[in-house]
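The values are calculated or read from the model by the stated rules, or taken from the named source; none is laboratory data. Everything numeric in this text was worked out from a predicted model, so none of it was measured. All Cβ positions, even for glycine, are placed from backbone atoms using ideal geometry, and neighbour counts span all protein chains on display.
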Amino acid sequence: MKPYLTVYTLTPSETFRIGYEIGIRLTGGEVILLFGPLGAGKTCFVQGVAAGLGIEDVSSPSYILVSQTEGRLRLFHIDAYRLEGDTAQLPEIGLDVCFDGASVCVVEWADRLAAWFPPDHLEIYFSHEPEGRRLEFCPVGDRYISFVEELRSVVAPGN
């Protein structure tokens, strides 16, 4: 999928800020899927999203699959890093409640849960660059195209 918007960050605080700018614009029902290698800034980004939702402390839930926190909206933070192979057991643990239409769901290592997401969502691909990080925004569905277009003027003015 070709990126709709590409943003470069030089520091973790810039990655956090982009997450924050997204968080303050969320209205509920959003699903944001994060892809990328270890250390590419996914958790820092999620912390920014959480701050934008009025949530003070979010860490990576690597030892549990899902964490739920409350702010202006409920945030489900899924970290699928430890999942491997068959994910058929996921309905039994209630993963579907994370996509309730009112909460925000952000998924790290989303490629490990590919079959579980609603058809409309925002994909963000993180990668290492020599001097920082690259974030590629790939909206799927009209709602997310509009969302990324609004975000463009804030995080990448002139693009």
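Evaluate the following for Arg82: is it surrounded by 15 or more Cβ atoms within 10 Å (Cβ to Cβ) and either at pLDDT below 85 or within 23 Å of Thr15 (Cα to Cα) (or both)? Quick ask: steps written out before the conclusion?
On the way: surrounded by 15 or more Cβ atoms within 10 Å (Cβ to Cβ): no; either at pLDDT below 85 or within 23 Å of Thr15 (Cα to Cα) (or both): yes.
Against the criterion (surrounded by 15 or more Cβ atoms within 10 Å (Cβ to Cβ) and either at pLDDT below 85 or within 23 Å of Thr15 (Cα to Cα) (or both)), Arg82 does not qualify.
On the phi > 0 side of the Ramachandran plot, at pLDDT 90 or above and not polar (S, T, N, Q), is that true of Gly94? I'd like the intermediate steps shown before the answer.
On the way: on the phi > 0 side of the Ramachandran plot: yes; at pLDDT 90 or above: no; not polar (S, T, N, Q): yes.
Judged against the criteria, Gly94 is not a match.
Anything in the stretch 108-139 that is at pLDDT 90 or above, out of contact with any Asp or Glu (no Cβ under 6 Å at 6 or more places or on another chain) and hydrophobic (A, V, I, L, M, F, W, C)? List them, or say none.
Leu122, Ile124, Phe126, Leu135, Phe137
Of all the residues that make up the stretch 107-159, how many are over 17 Å from Glu30 (Cα atoms), acidic (Asp, Glu) and either in a loop (DSSP other than H, G, I, E, B) or in contact with a Leu (Cβ under 7 Å, 6 or more places away or on another chain) (or both)?
So the answer is 1.
Would you mention how many residues in the stretch 17-76 are of a type in the set (Gly, Ala, Ser), at pLDDT below 90 and crowded, with 20+ Cβ neighbours inside 10 Å?
Total satisfying the criteria: 0.
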